[in-house]
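The numbers here are math on the coordinates, done by the rules we state, and not lab data. Just so it is clear, the model here is predicted, and its values are computed rather than measured. With ideal geometry, Cβ positions are generated from the backbone for all residues, glycine too; neighbour counts draw on all protein chains shown.
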Amino acid sequence: MVIEYKNEPLTDFSIPANKAAMEKALKAVNTAKGTHYPLVIGGQKIDVEAKITSINPSNTSEIIGTTARANSDLAEKAVEAAAQAFKSWQYVCPAERARYLFKAAAIMRREKFDFSALLVEEAGKNWVEADADTAEAIDFLEYYARQIGKYTKGMEVYSYPGEENECVYIPLGVGVVIPPWNFPLAILTGMTAAAVVAGNTVVMKPASATPIIAAKFMALWEEVSLPAGVVNYLPGSGGTIGDYLVSHPKVRFINFTGSKEVGLRINKLASELAPGQKWLKRVIAEMGGKDAMIVDSESDIEAAAQDIVTAAFGFQGQKCSACSRAIVVKDVYDAVVAKIVEKTKALKVGPASNPAVNLGPVIDENAYKKILSYIEIGKSEGKLVCGGSKAGSYGYFIEPTVFADIKPAARLANEEVFGPVLAVIPAEDFEQALAIANDTEYGLTGAVFSNNRAKLEQARREFQVGNLYFNRKCTGALVGVQPFGGFNLSGTDSKGGGTDYLPLFMQAKSICEKL
């Protein structure tokens, strides 16, 4: 009997046993550093001379591990393996497919500290952020395994005299899963598990910055004895194999999470009919945001400032849901800015493996240079009130940075920085604050702090984001509780962790038999 779904609890590291377990897992990760991981195609381990090297962003002299780097020939082999596996996997009973997910969730739960420790070292997440990433991955496995049962009976249709009618859901085919580096376990797990439990097979191309956690995730599928070829592990550069996979005539769908620029390119490539292709490819894309938290004059400004700092600087601001704009009504502007600065200055920056650290490193050198360049832009667009500098020479550390008095048209108020940089924007009143919040090409998350019911209801109607929060931070959506996904150039309006996500990987087939 399948028990009722509930979210995986977060770990309390103030409990000595939990702290000791995490320290033990970190030591194990340290021992395994430098390990090499081959590709996995059709159940076979395949190695090549070309490699991807995963660097510890907290200490760039350390190598977390290496993986084989796929080329277009191996990408072709992976698609063919997935296509061959689909011939039988599509007919496996949904309940049986779900059991693979339940088993994977059980193993991941037992090995939670091991997965989280690897996230600390490879992705630069502090203990709390890494634990939340792993918990979310478990949630996705548990949630989608239960959701597939709702579609087994098919679409509800009316009866008609003399006929037997049904409308069933069937899988699409071979998909390409392209996850981001910022949630290299949770989002990778959700994207892959949803496609697989719906009856599809996938080629999994992990982000080049975090391929080792993906290798551990691939080993999980092997441990539960998922049939060969249902999931294929194919690290490689986007330029070499990404375009090839997206454009392949046997690929039926692409499930992508990442930048707007890459998402738009995928959407364009997928729209072009390749020779031998006999379907329109489906693109499921989540592409980022420029998220705002509004502070009204009638609000708890202490709580607002705390949640703004948490949402802006959690995981170094490297979340598509992160608060990058705080829009504050003028009556409380100075007080809120002062509290934001006070709370930001209290944050500790350092190696993610240190449990006392609030902010670890940003992911890699490209992100490091990009964020620092935006900080220089900010110095000409507003008033630097906190941070603004590098924070260490041995890793990609940047101080949590706050700019006040940013104008709505400024680059810092419109472009996705994806780092620990907060733009504070003054507004004359709540109406203007809401207008500023909506004046963006994105529409992912947003939050409003107000004790005025009429203003909250106005925001409920008019704030154009996919995930809206009142009197709390704009990050931390829970699977099954707050289905996640945004509007406009934040993506294709899909809601991960919601009841309408699995149908994105299926198609409906109406069947009528005359009696």
- Message: Please compute the length gained on full extension between GLU457 and LEU280, using 0.36 nm multiplied by the number of residues separating them and subtracting their Cα-Cα distance.
- Response: 59.7 nm
- Message: Given the -39500 (n - 2.57) contribution per DSSP H run of 4+ residues, what per-residue ellipticity at 222 nm results for the chain, rounded to the nearest 500 deg cm²/dmol?
- Response: -12000 deg cm²/dmol
- Query: Over segment 1-132, what is the relative contact order in whole percent, taking alpha-carbon pairs under 8 Å and six or more residues apart?
  - Reply: 27
- Which of the chymotrypsin sites (Phe, Trp or Tyr not before Pro) found in segment 90-172 are in a DSSP loop and have at most 10 neighbouring Cβ atoms, other than their own, within 10 Å? TYR91, TYR158
- Item | Antiparallel bridges, percent of DSSP beta bridges restricted to segment 291-478 (to nearest 5) | 15
- Note on the structure: Taking trypsin sites (Lys or Arg not before Pro) in a DSSP loop with at most 15 other Cβ atoms within 10 angstrom as exposed, one finds the longest site-free stretch of the chain at 349-515
- Near the amide H of LYS51, under 5 Å away, which other amide H atoms are found, from residues 5 or more places off or on another chain, if H is placed in the peptide plane? ARG69
- Can you grab the distance from the C-alpha centre of segment 269-291 to the C-alpha centre of segment 49-117, Å, no decimals? 22
- Roughly how many Å is it from the Cα centre of segment 312-376 to that of segment 389-458, as a whole number? 11
- With r as the distance between the Cβ atoms of LYS27 and GLU365 and R0 = 35 Å, compute the FRET efficiency 1/(1 + (r/R0)^6) and round to 0.05. 0.80
- Query: How far is it, in nm, from the label point at CYS167 to the one at PHE487 when both lie 7 Å from their Cα along the line to the Cβ?
  - Reply: 2.7
- Give me the number: length gained by fully extending LYS268 to TYR160, i.e. 0.36 nm times residue separation minus the C-alpha to C-alpha distance, one decimal in nm. 34.6 nm
- Ordered by number, the GluC sites (Glu not before Pro) in segment 146-234 that occupy a DSSP loop and have at most 16 other Cβ atoms within 10 Å are GLU156
- Hey, can you grab everything whose amide H is under 5 Å from the amide H of ALA427? Only 5+ residues off in sequence or another chain; H modelled, so Pro and N-termini drop out. VAL328, VAL329, LYS330
- Item | Kirkwood Rh and Cα Rg combined as Rg over Rh, evaluated for segment 291-478 | 0.95
- Query: Applying the Karplus parametrisation 6.51 cos²θ - 1.76 cosθ + 1.60 with θ = phi - 60° to the phi angles of segment 424-433, what ³J(HN,Hα) value in whole Hz is obtained for each residue in order, glycine and proline being reported as x?
  - Reply: 9, 10, x, 10, 5, 7, 5, 4, 5, 4
- Surrounding charge for LYS514, neighbours by C-beta under 9 angstrom, Lys/Arg +1, Asp/Glu -1, total -3
